[in-house]
Amino acid sequence: MREYKLVVLGSGGVGKSALTVQFVQSIFVEKYDPTIEDSYRKQVEIDNQQCMLEVLDTAGTEQFTAMRDLYMKNGQGFILVYSITSKSTFNDLVELRAQILRVKDTDKVPMVLCGNKCDLQDDRMVEKHEGEGLAKEWGSVRFFETSARMKINVDEVFIDLVRQINKQSPQPTGKKSKSCLLF
């Protein structure tokens with residue numbers, strides 16, 4: 001079974017943990033409790049393939065930025081999350097993406113841009129077309145508006161990211177045995 005290392009990034013309070021927990025456990029976490037770093041594993045079937053997803057839910061606060069390089073280096077795909085109710089969280093993603101590309105030393109990184117909290121229409125500060133525009137500016141990065149509370153597009157974000165990873169680095173056919181032969 002192929003394993004995938006997915007990293008959820010964004011500013012504090014955008015709903016990274018709520019999205020992750022909703023995806024992994026189908027529970028909406030109401031209370032905001034700042035994350036340092038949490039890792040979740042979930043087995044899913046995507047395109048008739050069993051996949052083990054390791055989802056790293058990262059800190060959104062500045063004091064843990066030193067840890068970022070490490071999980072950017074090890075991550076295979078990235079979900080960049082902002083809250084549609086906060087323009088600053090949207091603007092923060094430009095530097096986060098630049099850091100990912102710097103650490104990965106490539107501009108071909110599987111990535112999804114995610115405008116979370118789309119159920120809070122009355123508090124909207126970032127219009128949908130702005131998210132779509134940023135995704136396009138980044139070279140056709142996939143864009144979703146999500147709601148962890150209403151479970152809107154939550155699974156789709158993670159599934160899309162796995163598909164991007166598969167497209168970029170397909171599983172080799174005819175897997176080689178890991179056993180050692182002595183001659």
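Read-outs throughout are calculated quantities, based only on the coordinates presented, and are distinct from any laboratory measurement. Keep in mind that what you see is a predicted model, and the values were worked out from it rather than measured. All Cβ positions, glycine included, derive from the backbone under ideal geometry; neighbour counts span all protein chains shown.
Calculate for the chain the 222 nm mean residue ellipticity that helices alone would give, adding -39,500 (n - 2.57) per DSSP H run of length 4 or more and normalising by residue count, nearest 500 deg cm²/dmol. That comes out to -10000 deg cm²/dmol. Comparing Glu95, Glu132, Glu54 in a Gaussian network model of the chain (Cα springs below 10 Å), the most mobile by mean-square fluctuation is Glu95. Size of the chain: Rg and Dmax of its alpha carbons, in Å, are 16.8, 71. Which residues make up the longest stretch of the chain that has no trypsin sites (Lys or Arg not before Pro) in a DSSP loop with at most 12 other Cβ atoms within 10 Å? The longest such stretch corresponds to 32-107. GNM on the chain, alpha-carbon springs under 10 angstrom: the most fluctuating residue among Gln50, Gln76, Gln22 is Gln50.
What is the Rg over Rh value, at two decimals, for the range 64-148, using alpha-carbon atoms and the Kirkwood definition of Rh?
Values: Rg = 13.0 Å, Rh = 13.3 Å.
That ratio is 0.98, to two decimals.
The label point for Ser39 and the one for Glu127, both projected 7 Å from the Cα toward the Cβ, are 4.3 nm apart.
Please name which of Gly12, Asn116, Asn153 has its Cα lying farthest along the dipole of the chain towards the positive end, using unit charges on Cβ (Lys, Arg +1; Asp, Glu -1) and the Cα centre as origin. Working it through, the farthest residue towards the positive pole turns out to be Asn153. The label point for Leu101 and the one for Lys167, both projected 7 Å from the Cα toward the Cβ, are 1.8 nm apart.
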